[in-house]
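> Before we start, here is the structure in question, set down as structure tokens.
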Amino acid sequence: MNLDERFWNASSEEIKQGYVYDSHAESYCCLLCGEQFEDGEIFKLPGTGRFFTAAKYAGYHVGSAHGSMLDYLLSLDKKATGLTDVQKELIRDFAEGLSDREIVQRTGGSASTIRNHRFVLKEKAKQAKLLLAVMELMENGTDHAPKFVPVHRTATVMDERFAITEEEYEAVLRQYLPDGPEGPLVSIPAKEKRKVAVLRHIASFFKLGEQYAEGEVNDRLRAFSDDHYVTLRRYLVEYGFLDRKGDGSAYWIPINGNGRKDGSKVKEREKEKAVEAADAGNGEAAPKSNKPDKAARKAMTAEYQERVRTMGVYAIKNNVNGRMFIASSTNMDGLWNKEQFILDLGSHMNKKLQQEWKQFGREAFSYLILETVKTEEDIRYDYRDVYDAEGNELANVARDYKRKAERLKEEWLEKLKPYGDQGYH
């Protein structure tokens, strides 16, 4: 059983812990990298005099080599998890124990929007639980149903191209590799499903956990096609079978959704958490929650409100075509997060900007502060400066700030003229 097949066959509890027990190999296997720990063997914890059983050490390995399973699962592509980038960020905040109010302060959204996202996620969980039960009941009566080749977790797309049965897979390999599994290819398949099958086979000649120089990759691919090895290399990266450094100096089989090999960049705190989690699983006291208490949260909120308020004019620029959206605000702090949040939700007031955000993706846009409003004194974030002793708003002062920011906006609109093909106005 290969690593992807083992991952997809694991139960939700096994996926959460990051490893499974392989009864055939009599060992515990990491679901992320495939490393195995033989049952009955004792493992010494690095840098200490402590020893763990295979099961406990497998749990330690997952935490120390790969970090938290939540972060790993959220790193997978939307095609695998069904979660948007906005939902993933909110899940991280929920998992850290942040309140809706604290999330609103961080993202700039509204409390009702956060509550709605929380509700939607819980409904998705209910649906997933029912679907899993339905599929298990369905498979109980389908002993002769065709078996599909497992899809690799780091696939950049996940559609009908990957719906390949084991029989179809073997047939494609026989057709395009008539001289044997080591090549050469008769040709690169034109049909997508066949192309995926061939790429999957070629990717099996690379080992998980190893890095390859571009020359090494080319040498392996030349065995399959001396004329089109560059095309094969590009396809392997495009379809998520391989990942590489930006300069092409190293290639590897990706472990998670963004291609990182987290085992080489682990924080010491993650190792400590892994030891604590392993101890907790052995009946010892579980580590205390890192969630700040009420007094600490109150202090953080007070500190947040004491920050200086920045007011001015900003631009959202499409780096592909150069078009710009210009606006003013009396609260620039966290504004880019707020704008991205609204655009990801698909509810921005500027329809042209919203349309191209969806077309080009958030990576194509940048945020620029064009100019800030100059004030004689610092204005605190909570606007306390423009309230009198009884808490009544000094409306004229507040409106004056808004007018100054709006005047700056008009000056920048006149200067940059972001109209028609030049902008979103």
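Bear in mind these aren't lab numbers, they're just calculated from the coordinates by the rules spelled out. Quick caveat, the model's predicted, so the values are computed rather than measured. All Cβ positions, glycine included, derive from the backbone under ideal geometry; neighbour counts span all protein chains shown.
> Dividing the alpha-carbon radius of gyration of segment 160-252 by 2.2 N^0.38 Å (N being the number of residues), what value is obtained?
1.05
> Find out how many positive minus negative residues lie around residue 133, taking Lys and Arg as positive, Asp and Glu as negative, among other residues whose Cβ is under 14 Å from that of residue 133.
That sum, taken over residues with Cβ under 14 Å, equals 0.
> Further question on the same structure: Can you run phi through the Karplus equation (6.51, -1.76, 1.60; θ = phi - 60°) for segment 91-98 and list ³J(HN,Hα) in whole Hz, with x for Gly and Pro?
With coefficients 6.51, -1.76 and 1.60, one gets 4, 4, 5, 4, 5, 7, x, 5 Hz.
> Tally Lys/Arg at +1 and Asp/Glu at -1 over every other residue whose Cβ is under 12 Å from the Cβ of residue 174; what's the total?
-3
> Roughly speaking, what is the stretch gain from residue 11 to residue 170, that is 0.36 nm per residue apart minus the C-alpha to C-alpha distance, in nm to one decimal?
So the extension gain works out to 54.4 nm.
> Then there is this: So what does log10 I(q)/I(0) come out to for segment 162-214 at q = 0.12, 0.22, 0.28 Å⁻¹, using the Debye formula with one equal point on every Cα and no solvent?
One equal scatterer on each Cα of segment 162-214 leads to -0.29, -0.83, -1.12.
> While we're looking at this one, here's another question. With respect to the cross-link table entries 374/415; 56/78; 88/317; 56/79, which display a Cα-Cα separation exceeding 22 Å?
As for pairs spanning more than 22 Å Cα to Cα, those are 56/78; 88/317; 56/79.
> Less than 13 Å Cβ to Cβ from residue 364, Lys/Arg counted +1 and Asp/Glu -1: what total charge do the surrounding residues give?
That sum, taken over residues with Cβ under 13 Å, equals +2.
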